[in-house]
Amino acid sequence: MKKILVIGSINMDITTVTSRMPKIGETIVGESFSTQPGGKGANQAVAIAKLGGNVKFFGALGNDLYGKRLAENLSSNNVEFCGVVIEDIPSGTAVITVVEGDNCIILNPGANDCVTPDMIKKNEKLFEEADYVLMQLEIPVESVLTAAKLAKAHGCTVIVNPAPYKELPGEIYDYIDMIVPNEHEAESMTGIYPEDEESCKKAIEALLSKGIKSAAVTLGSKGSVYSMNGSLVFTPAKKVKAVDTTAAGDTFIGGMLTYLSMDKTMEEAVKFGTAASAITVTRLGAADSIPSAEEVRI
């Protein structure tokens with residue numbers, strides 16, 4: 001099995017479930033409240049570990065109660081934390097409101113903004129030991145670019161989930177082997193919203209025209225689409241009753257990459273990621289909602 005290095009964010013998710021979104025200045029009563037480990041980087045690392053992959057996580061935590069709990073969560077899920085603890089800066093938080101299974105999120109980066117290019121360069125040895133490097137955009141973009149360059153210099157396969165969307169420097173595409181946006185991020189990157197076969201084809205072609213070797217786009221309840229040998233491959237989502245979509249995309253990416261690290265085909269990898277994410281949306285929370293490999297059936 002190949003080794004995966006995830007570089008990215010780690011947050012405490014502060015989640016409330018309510019029947020509707022409040023208006024400006026309005027107070028409404030929520031149905032439930034919880035604090036759970038999250039952050040796109042940590043979620044994807046936990047997904048990889050739970051789903052059977054070999055993974056290390058590099059990020060930054062604050063020296064606070066949330067930081068201690070977040071570190072414990074990584075350890076309890078068999079994710080090796082190779083990052084740093086920052087004094088006098090709080091751990092990242094995400095304030096999440098869930099309404100009828102969908103969510104709105106306010107992200108407070110905290111220590112995640114301390115994952116700087118210099119910090120990544122100081123930990124270059126991590127790239128020597130990795131086969132895949134997976135990143136997102138909840139850390140500074142210049143850090144993602146630095147990490148992508150180091151990863152390619154050490155022969156790693158680079159996968160980027162451009163979430164939450166930020167404008168990327170053109171040169172970064174020379175170092176990305178696969179990009180995995182959702183439909184909204186794909187639209188931000190290409191100007192094309194992938195809602196049917198024709199628009200999916202145009203969006204994928206636009207992504208590949210940037211110099212990326214391959215692209216897979218998640219389409220929410222419609223499933224996902226990727227390009228193989230010049231043709232589009234659609235994988236439908238499994239029909240389930242969604243209660244919380246938080247970490248669905250992270251689980252999909254974690255499951256897909258886990259299977260790729262086991263030398264499975266892209267078709268097998270996407271089906272596995274799809275089946276895993278279908279379980280995640282039936283549960284509340286982020287990292288805690290991600291299933292184990294034994295729970296997933298494809």
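The values are calculated or read from the model by the stated rules, or taken from the named source; none is laboratory data. This structure is a prediction, so every number in the text was calculated from the model and none was measured. Here Cβ is always computed from backbone atoms with ideal geometry, including for glycine, and neighbour counts include all displayed protein chains.
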Please report, ordered by residue number, the strands (runs of 3 or more DSSP E) entirely within region 1-44 with at least 3 residues that are of a type in the set (A, V, I, L, M). 3-7, 11-18
Does I212 satisfy being over 22 Å from G39 (Cα atoms), among the β-branched types (V, I, T), out of contact with any Ser or Thr (no Cβ under 9 Å at 6 or more places or on another chain) and without any contact (Cβ under 8 Å) to a residue 40 or more places away in the chain? yes
Looking at Y132, Y165, Y173, Y66, which one is over 19 Å from the mean Cα position of the chain (by Cα) and of a type in the set (F, W, Y)? Y66
Would it be correct to say that V17 is at negative phi, modelled with pLDDT of 95 or more and β-branched (V, I, T)? no
Tell me the strands (runs of 3 or more DSSP E) entirely within region 71-134 that contain at least 1 residues that are touching a residue at least 60 places away in the same chain (Cβ under 8 Å). 92-99, 102-108
If I filter region 74-115 down to residues being crowded, with 22+ Cβ neighbours inside 10 Å, at pLDDT 95 or above and not β-branched (V, I, T), which single residue comes out as nearest to S143 (Cα to Cα)? N112
Show the residue pairs that are 6+ apart or on different chains and have beta-carbon atoms under 8 Å apart, the first residue being within region 139-164 and on the phi < 0 side of the Ramachandran plot and assigned to a strand (DSSP E or B), the second being at pLDDT 95 or above and of a type in the set (D, E). T157/D131; T157/D177; V158/D177; I159/D177
Exception for E138 within (1) surrounded by 22 or more Cβ atoms within 10 Å (Cβ to Cβ); (2) over 21 Å from P37 (Cα atoms) falls at (2)
Subset of region 49-59 [closer than 22 Å to S143 by Cα and touching a residue at least 60 places away in the same chain (Cβ under 8 Å)]: K56, F58, G59
